[in-house]
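Input: a single structure, listed below in structure tokens.
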Amino acid sequence: MSLPYVKLERFTARILISTEEAVHLVLTGEADMEAAEALGVFLVRSGVIAGQAGTPSVVLDLRRVDILTSPCLKRIVSWLLGIERLEKPYQVVIRADSSKPWQAHTLAALRCFAAELVRIEV
């Protein structure tokens with residue numbers, strides 16, 4: 001299976017580092033309506049890789065995301081729901097940039113949604 005990768009005009013998503021401890025997913029740019037479907041596929045495929053690797057955690061790096069629209073947020077929530085349903089769910093560490101105003105309230109909501117699954121690192 002090839003590693004999932006998304007490259008659009010204003011958005012990229014890739015697996016940067018995969019180790020025994022964590023699979024690292026890095027998103028960059030504008031996660032807007034145009035990126036939503038590709039992001040959803042990327043997260044599902046990355047989740048399969050994380051499950052096959054038996055990794056205890058996935059790091060979702062959002063520090064370079066300038067915009068995250070509700071369709072993309074919905075894809076992330078769906079991905080988290082899928083992880084919660086796994087026999088052995090892995091932890092999700094979301095790396096954030098406190099200088100980006102959208103991240104504070106959006107990521108706090110994600111944390112409340114899946115408190116046992118998600119940890120936010122600023």
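Counting just the residues of the range 51-105 that are aromatic (Phe, Trp, Tyr) and within 13 Å of the chain's Cα centre (by Cα), which one comes out farthest from Ala36 (Cα to Cα)?
Here the residue is Tyr90.
Please go through the range 60-76 and pick out each residue that is surrounded by 15 or more Cβ atoms within 10 Å (Cβ to Cβ) and either on the phi > 0 side of the Ramachandran plot or not in a strand (DSSP E or B) (or both).
Thr69, Pro71, Cys72, Leu73, Arg75, Ile76
State the number of residues belonging to the range 83-122 that are farther than 23 Å from Ser18 by Cβ, out of contact with any Leu (no Cβ under 8 Å at 6 or more places or on another chain) and not basic (Lys, Arg).
11
Filter the range 77-93 for residues that are part of a strand (DSSP E or B) and out of contact with any Asp or Glu (no Cβ under 7 Å at 6 or more places or on another chain); which is nearest to Leu8 (Cα to Cα)?
Taking the candidates together, the pick is Val92.
A quick yes/no check of all residues on (1) crowded, with 20+ Cβ neighbours inside 10 Å; (2) within 19 Å of Val92 (Cα to Cα); (3) modelled with pLDDT of 95 or more:
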{"residue": "Met1", "(1), (2), (3)": "no, no, no"}
{"residue": "Ile15", "(1), (2), (3)": "no, yes, no"}
{"residue": "Leu39", "(1), (2), (3)": "yes, yes, yes"}
{"residue": "Val44", "(1), (2), (3)": "no, yes, yes"}
{"residue": "Gly51", "(1), (2), (3)": "no, yes, no"}
{"residue": "Val58", "(1), (2), (3)": "yes, yes, yes"}
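Starting from the range 1-19, keep only residues that are touching a residue at least 12 places away in the same chain (Cβ under 8 Å), then list their pairs with residues that are part of a loop (DSSP other than H, G, I, E, B) and of a type in the set (Ser, Thr, Tyr) whose Cβ atoms are within a distance under 9 Å, requiring at least 6 positions of separation or different chains.
Partner pairs satisfying both residue conditions: Ser18/Thr55; Thr19/Thr55.
I want to confirm something. Restricting to the range 17-37 and keeping residues that are surrounded by fewer than 19 Cβ atoms within 10 Å (Cβ to Cβ) and part of a strand (DSSP E or B), which single residue is nearest to the chain's Cα centre (by Cα)?
Across the range 17-37, the extreme among qualifying residues is Val26.
Among the residues of the range 95-109, how many are within 9 Å of Arg63 (Cα to Cα) and among the β-branched types (Val, Ile, Thr)?
Final tally of qualifying residues: 0.
The values are calculated or read from the model by the stated rules, or taken from the named source; none is laboratory data. The structure presented is a predicted model; accordingly, all values stated were derived computationally and were not measured. So basically every Cβ, Gly included, is an ideal-geometry build from the backbone, and we count neighbours across all protein chains shown.
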